Each structure stands twice: as structure tokens, then as C-alpha cells.
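Remarks on the structure that follows.
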Amino acid sequence: MNIARIFLLIVLLPVSVNAQPEFEREPIRYSNTKPTDVVHQLAQQLADGKKSLKWDQEHGYLRALLEELKIPVSSQTLVFSKTSLQVSRITPETPRAVYFNDDIYVGWVQHGDLIEISAADTKLGGTFYSIKQKQDEVPVLKRETRCLQCHASSFTRRTPGHLVRSVFPTKTGLPEYRLGTHISDHTSPISERFGGWYVTGTHGDMRHMGNVWLPNPKESEELDIEKGANVTDLSTLIDLSPYLSTHSDIVALMVMQHQSHMHNILAMANHAGQRAEHDTKVMNKIFEREEGFQSESTLSRYRTAAEKVVQALLFCDEVELTGQIRGSSPFVSEFEKVGPFDSQKRSLRQFDLEHRLFRYPCSYLIYSDSFRALPEGVMVQVRKRLDEVLSGQDESEKFDHLMPHDRAAIKQILQETGVQLSTETAAHSDAKSASGL
């Protein structure tokens, strides 16, 4: 390699800067890139006077936001641990309400100064916003960066994202951090979930950490899990009149745990794919390769990102349920009716709740904009791997939770609801690759 090319390599390749997170550098440029998510779009429409939000004295802008963002009230979950922005207002007596749909999460606190909102942006990952709980002729949805202290940390693998935490709460709601915390997703044992959350619904002999707290951690470090089990009515624990619903549905909680994890995996894969594309263009320019050339190193990066997506989509390592889960609210029926359905009226949103979360273990987020926006190099490998697993070519241990009838059903549902599993592009992409940088 001549001196000019060495110099160009040094100038163009990304340099690690300890003070700057990787997502703030090219090509992501998180803080300086305009989001495209629905919340950002609403913020623009409010600023332009194209939309407005109705204010009410009891909940401020909450009802209007949920209606505008198409978030069902049945998704309400209640968290009383002091693990969010407005910690001073959150206690076991005044929990924070969290509402969500497939792309957005909204947090509301009694007498809070703000409503907190996060979204899954197709390119950036988790994006964060707030709106002041003050009646205004033109309410402002403001993009937040202070949330990144937790939401772009080791908890989210250093990528802006979402997290659902289970803690050992005290009677004030403050976590007893010395006892540890758990990040909850569909792989988490039920026994480690819901610490610091209220939970309504039944779950048989299984036990969780919800609905209770440590009265005095100096005397006992064990939660009274029996007291918190199979609670269907929270009215004996808190005053529910300030909330839009009387539920903190266990099924809604489990869906949110899976969904937040899936969003984070998609965000990481998207970032990895964008960086691989960026580096490939740089290297192809340096070595005067044809446009679109992909080295074996590049393909390896795409495959690594894609494998994580596929394993999360197909619920690898999902914890096995040992009892029947039953929610307490309309959440299950409202969630299931969304579809889409195949010719046999099957959908990825249909629940199992006896042995696992969903009847057909493939995430409904495969229909999301976050999935569809995966960089081409990653998407090609995702489709290839999905086809290999669902067709039975890959029967490795990682996917042995998928019985032949599961694979066949998922594949047909995907094919009939518009998800492409063709591997032609993948084969073409692999053929263009060669060993090298």
C-alpha cells in the first residue's frame, strides 16, 4: 500500500474517542441527527399548528397523547420504584403509570412536572421526549438527552434503547442497590421479574418480586413473595382513582419486557449495519474496489448482527412457564385482535401463556418499522437465517425449542402476511464477497 493510501486510511477510518460514545460518531451521529419516529412527527405537527392536544385538569396532556399516538389504556402498568426521571414524586403510594404500543412508551406521574415519552426510531434506536404538564396554547414536545445516562448504558449495551428493571424496593420506593437489579426480558426467570412494579393477574404456583417491598432492609433482605402473588385487585394497596385503569396487567408487563429487549436488539443491529456500510465504502474507496463490494470481514459483521436479531425474534432461551398466566384487563383481547392474520386466522400476536408467552414464538415486531429499516446487509442475512431455521435446515440446539409444527406455522404466517424470506439476495451478496479487509 502506498503512502497516500495509508494516509487516507488514517483520515477516513473511525477513530475511537473515549469521551464520545460510538453512537455519537459517524455514521449514526445520534444527537445531531433528526429523528423520524412518530413522536418527533407529532412534535413537528404541534409546532406547525397542524395538530393540538386537549388538556384536562386531572391528567394534563396524558389522555390526548395516548389517543394521538394510538396507545391503549389497557397497556397500563404501574411502577413504584424510584428508577426514572421524576423520582421524587414516585412512591409505593403514587406509582408511575407506563403505557405503550408497538413503538412508543409513555410515562405519567401524579402531579408530575412532565410526561415522559420514548420511541423506537428506525435509525437512531431509542429516542426520548418530554412535554410539560402545564396548559399551553402550543404544547411543546421536547427531545431529551439526559435519559441517556441510563438508556445508553451497559443496561442497553451502550446503544440508546429501552429497559425494564426489576429491583429490591424499600417502603419508600428507593431500590436497595446492594442487593442487585435485574434487566427483564423474555429470557428472565419469573422469580426475578417485577421487583418495584405492581402486578395484577394470576400465575399459579410461579412467584415473582412484584407488589411488595422491603419494610426494613437492615432486618430482612427477603421480599414477602407470597404476599405479592396472584393479586387481582390493587385497591387494598393503593388509591387507584387517579389512574386511567385499575390494572397493572401481568401479560402487558411480560409483553413490554419482550418488546423493550427486541427494540434494543434491532437498534444494535441497525447501528452495526450502518457502521459496516460506512466502513465498507471507506475501504472500497481506499482500495479502488467496485461499488458494492463486500469483504468477508464485512459479511461477518452483518451475520453477527443478524444472528442476534434472529435469536431474539424466535424467542431463543425464553423461560418456560410452569403455570397458567391470566391477565386482569382487556389487554390480551385488544392486543390479539390487531393481527395481521394468515388464511387460517393465525397471528404472531396470539398468546399461549401456559408454556410460553406466545403461541407462535416469533416476535410481532417483525412487522415494525424498526425491523423493516434494518440495513440491507443485515436484512439479507436475517432473511437467510430465518429461512434456514424455519425450513428445518438448521436444527441446532439454540433453536430446539421450535418444534417442526412451530416452524411450519411461523413460516406460513410470515409468508402470508408479507414477510419476505427469500435467500436469493443473500446468495448474490455472498458471491460478491472475498477474503480481506
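The values are calculated or read from the model by the stated rules, or taken from the named source; none is laboratory data. Just so it is clear, the model here is predicted, and its values are computed rather than measured. Glycine gets a Cβ as well: all are built from the backbone with ideal geometry, and neighbour counts include every protein chain shown.
A few remarks follow.
- Any hit, segment 346-367, residues being under 19 Å from the mean Cα position of the chain (by Cα), in a helix (DSSP H, G or I) and closer than 19 Å to E388 by Cα: yes
Condition check ((1) outside the structural domain of Y367 (by TED's automatic domain parsing); (2) in contact with a Pro (Cβ under 8 Å, 6 or more places away or on another chain); (3) touching a residue at least 24 places away in the same chain (Cβ under 8 Å)) across all residues:
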{"site": "L223", "(1), (2), (3)": "yes, no, yes"}
{"site": "N230", "(1), (2), (3)": "yes, no, yes"}
{"site": "S241", "(1), (2), (3)": "yes, no, no"}
{"site": "A267", "(1), (2), (3)": "no, yes, yes"}
{"site": "R275", "(1), (2), (3)": "no, yes, yes"}
{"site": "G292", "(1), (2), (3)": "no, no, yes"}
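- Apart from one condition, L386 fits all of (1) of a type in the set (A, V, I, L, M); (2) in contact with an Asp or Glu (Cβ under 9 Å, 6 or more places away or on another chain); (3) not in a loop (DSSP other than H, G, I, E, B); the exception is (2).
- Only listed residue being under 30 Å from L65 (Cα atoms), more than 20 Å from the chain's Cα centre (by Cα) and not aliphatic (A, V, I, L, M), chosen from H208, H247, H162: H247
- Check on N211, in a loop (DSSP other than H, G, I, E, B), out of contact with any Phe, Trp or Tyr (no Cβ under 7 Å at 6 or more places or on another chain) and either of a type outside the set (S, T, N, Q) or in the same structural domain as I190 (by TED's automatic domain parsing) (or both): no
- Put simply, of L321, L313 the only residue that is under 28 Å from D249 (Cα atoms), surrounded by 22 or more Cβ atoms within 10 Å (Cβ to Cβ) and among the aliphatic types (A, V, I, L, M) is L313.
- Filtered by the rule that a residue be at pLDDT 95 or above and among the hydrophobic types (A, V, I, L, M, F, W, C), segment 73-94 gives V73, L78, V79, F80, I90.
- Looking across L234, L214, L266, one residue alone is in contact with an Asp or Glu (Cβ under 7 Å, 6 or more places away or on another chain) and not basic (K, R). It is L214.
- Note on segment 263-313: residues that are assigned to a loop (DSSP other than H, G, I, E, B) and either among the β-branched types (V, I, T) or more than 10 Å from G377 (Cα to Cα) (or both) total 7.
- Some residue of segment 266-287 being among the aromatic types (F, W, Y), modelled with pLDDT under 95 and in contact with a Lys or Arg (Cβ under 7 Å, 6 or more places away or on another chain): no
- Candidates A119, A97, filtered to the one that is surrounded by 19 or more Cβ atoms within 10 Å (Cβ to Cβ), modelled with pLDDT of 95 or more and closer than 23 Å to I265 by Cβ: A119
- Segment 315-329 residues that are in contact (Cβ under 8 Å) with a residue 60 or more places away in the chain, paired with ones that are in a strand (DSSP E or B) (beta carbon under 7 Å, 6 or more apart): R326/T202; G327/D249; S328/T200; S328/D249; S329/D249
- Residue in segment 294-314 that is within 22 Å of the chain's Cα centre (by Cα), more than 27 Å from T127 (Cα to Cα) and touching a residue at least 24 places away in the same chain (Cβ under 8 Å) present: no
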